Structure formats: C-alpha cells, structure tokens
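Readers should treat all values here as calculations from the given coordinates under stated rules, not as data from a laboratory. Owing to the predicted nature of the structure, the values given are computational and were not obtained by experimental measurement. Note: ideal-geometry Cβ built from the backbone for every residue, glycine included; neighbour counts use all protein chains shown.
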Amino acid sequence: MRKKIDKTIRVLDLQREKLDQVRARLERKDKHYFNKAVKALATHKKKKAIVYANEMAEVRKALKSINQTKLAIEQISLRLSTVKDIGDIVTTIAPATSILRTVRGNLSDVLPKADEQFGIITELLGSILFEAGQMGGLTINFSAANFEAEKILNKAEAQVEKEIKAQLPSVPSVVEKEEISL
C-alpha cells in the first residue's frame, strides 16, 4: 500500500508541475492582453480594449481554476505524505478522492489532457482506500469525508482569490464599464 501512496504522490507532483507551466503561460497571456488593452485605450480604441479585457477575463477564469486545482493537489500530496497508519489513510484519502473528483470536473474544460491523469490519480486513491478498508475491516464515513473535502476546497478557493488579486493588475476602468456587442 505504501508503494501505491508513493506512486500517487509522484503523479500528483507531476500534475502540479504541469499546472505550473500552464499557469505561467496564462500569466504571460494576461500581461500581454493587459498591455494591449492599455495601448488601445491610449489610442482611443475602446472596442479593441474591450476585446482584450474580455480575453483577460477568460484567462483569469482559467487561472483561478488552475490555481485552485494546484492548491488542492498540494494539500492532498502533503496529507498523503504524513499518513501514519491505516486509520489515517482512510481519513486522508476519502476526502482527497472527493476533492479530486470536484477539481477534475472544473479543470476538464480548461485542460482536457489533465482529465485523464486525474482519472488515474482518483483510481489510485480509490484502490488504496479499498485496500485499507480490506486490511483493517474499516467502514468509511463518506459524509464526513465529503465535509472535509468541502472544507479543503473552500479554503483553497479563498487562498486562490487572494493570490490572484495580489498578482494580477486590475482591468482598466473604462473597459470594465463598457461591453462590446458582437
């Protein structure tokens, strides 16, 4: 079972690294669109600025989703690293599996390639959970696991919101007030 946990941690870390790469690419796009919006406003091309601002909004949605997923992965990886006995395995993995199912659904639109990897991670965690239950004759309280998962996701979302606000410049105010009709 320890080997499966180690494998799961390695796969989670690999996904975290991939998410870091995508996040960096999207942050560059956000800066690019911001600069374009500022230049468009400086040359009195409001409609062009609005187009760039709309793209920035989409990029930021993707960034938020990626940052939430990355934070959840980091928390799951840390929890798996600190597992000490069978009881801890069950109380750690049940919420982790629930979290991964949730972030997998959120991320599948942004990063379709990651969906398959998250499916593999979820299967690995499910397998570990099954083995832990078989070995210890334990029953798993999924409502408690889902409550724990919800707490972790809410904490991750709050952290991501805070980080995004701190890292990214705000959209120029003229662009925020106008909408383009296509």
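Descriptive notes on the structure:
- Using R0 = 25 Å, the C-beta based FRET efficiency linking residue 168 and residue 108 works out to 0.60.
- Residue 44 paired with residue 20, simple spin-label distance in nm, labels 7 Å along Cα-to-beta-carbon: 4.8 nm
- Spread of Cα-to-Cα distances over 5 Å intervals beginning at zero, given as percent, for segment 15-76: 4, 20, 23, 17, 12, 10, 8, 4, 2, 0
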